[in-house]
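Working notes, beginning with the structure itself.
Just so it is clear, none of the values below were taken in a lab; they were calculated from the coordinates. Every value quoted in this text rests on a predicted model; they were computed, and no experiment measured them. With ideal geometry, Cβ positions are generated from the backbone for all residues, glycine too; neighbour counts draw on all protein chains shown.
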Number of protein chains: 2
Amino acid sequence: MKITVLDNILKANDAIAEEIREELASHKVLAINLMSSPGAGKTTLLERTIEKLEPLGIHVGVVEGDIATTRDSDRLRKFDIPIVQINTGSACHLDANMTRSALSNLDCSAVDILFIENVGNLVCPAEFKIGEDHKVMMLSVTEGDEKPLKYPLMFRESSAMLINKIDLLAYTNFSMDEARKNAHSINPKLAIFPLSCTTGEGLNNWLKWMTTELEKKRKRLQKKTKKK
Amino acid sequence: MKITVLDNILKANDAIAEEIREELASHKVLAINLMSSPGAGKTTLLERTIEKLEPLGIHVGVVEGDIATTRDSDRLRKFDIPIVQINTGSACHLDANMTRSALSNLDCSAVDILFIENVGNLVCPAEFKIGEDHKVMMLSVTEGDEKPLKYPLMFRESSAMLINKIDLLAYTNFSMDEARKNAHSINPKLAIFPLSCTTGEGLNNWLKWMTTELEKKRKRLQKKTKKK
């Protein structure tokens, strides 16, 4: 019985996610669903990423998902970009319906890349599509290199894994090789970017991946339009 | 409709949790439900805690909750204590029914303190009673001092908060004062223990709290028996 209910919820969610995907495609927006444990560094990544993308003329929009407070979106107020905060109350993840509500308050025509920062949780957010092109997950070195094996779904569903806080590597027993091996055993196609949002090391690889994905999406959409 | 279903699930869960509580009381076991984000250091805390308690003649039992793998229980195999691993599959938290199944495989008559290590998740585990005397949550300094405000339920439900990885304090912008202030604004009664499972600093305060709680529970149960 319980499984049936969940099945229906997920189907209903996926239908809304598909509508969001079409809406974003009509504005040529690349959407990234950013997920991690609490405190891995998602908001700091957004700060570093927006600083780099805006001077390139790539316009960013942000949906912030949190159980409570506007602390994360407050940190992004210094940028001249559209931001919508969702407070989920008790929900441990964003779903497509929440995301649709947020997007109805955000002008997508002025956005190239939309970041949707999910609730800090290495488990539940991975189960819900919210209209994204890519799920991107962040693992910080202080969390441990075995996490892909212990929380496989998120690593399986993601296109890229950012390994953050490499400036703290020397103070932990985190092995980069072990982390890569564990992650690729779950998802061989996972792109992996070690980086530090504090020192800036490794950020360029992540930015390059994203701008390449944006170009690929634009070309794909252009081809579709020509065919019509 | 959805709320009604959840309400029933929680009531059914609480009834089983109450049965577990009675069973544990009959064996004079103190049960700690240990919760945190992934990688905060729950299993390392158990290693350090068992090393200290066993020489005092306080016998420990462990229920390990993980989505997948037996990595955490493997780390505890070196101790001569009863351990049961629960693999939840996709469930993002332990519930009372899972805990009851685990306990049917564990001899509680040989245990003084039972640790139930929950799935690494700062959100969902806080909603489910599993027969514990205390919920204890761990926050690591690398996660950030604003977490009590962003994930209030877990901090509200817990009796004690362990602030782990204080050996890394100098490399982060974590403020111990801010963390205390934020936590106490959510839960004024929360006991707070800064510690490092790497250096051992602060562990004694945590051990003292726990052994005091064990004594208090034993006295309470003794009084009850006398009354009968």
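Things to note:
- So residue B:170, is it surrounded by fewer than 24 Cβ atoms within 10 Å (Cβ to Cβ), without any contact (Cβ under 8 Å) to a residue 12 or more places away in the chain and of a type in the set (Gly, Ala, Ser): yes
- Scanning segment A:186-203 for residues that are in contact with a helix residue (DSSP H, G or I) (Cβ under 8 Å, 6 or more places away or on another chain), more than 14 Å from residue A:138 (Cβ to Cβ) and surrounded by fewer than 17 Cβ atoms within 10 Å (Cβ to Cβ) yields A:199, A:200, A:201.
Conditions (1) surrounded by 17 or more Cβ atoms within 10 Å (Cβ to Cβ); (2) away from every other protein chain (no Cβ under 12 Å), marked per residue:
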| residue | (1), (2) |
| --- | --- |
| B:55 | no, yes |
| B:58 | yes, yes |
| B:72 | yes, no |
| B:99 | yes, yes |
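- Applying the set (1) over 30 Å from residue B:225 (Cβ atoms); (2) within 14 Å of another protein chain (Cβ to nearest Cβ) to residue B:13 leaves exactly one unmet item: (1).
- Scanning segment B:205-228 for residues being within 28 Å of residue B:149 (Cα to Cα) and in contact (Cβ under 8 Å) with a residue 60 or more places away in the chain gives a total of 4.
- Segment A:12-41, residues that are under 20 Å from residue A:196 (Cα atoms) and touching a helix residue (DSSP H, G or I) at 6+ places or on another chain (Cβ under 8 Å): A:32, A:33, A:34, A:35, A:36, A:37, A:38, A:39, A:40
- Condition met for residue B:68 (buried (at least 22 other Cβ atoms within 10 Å of the Cβ) and in contact with a strand residue (DSSP E or B) (Cβ under 8 Å, 6 or more places away or on another chain)): no
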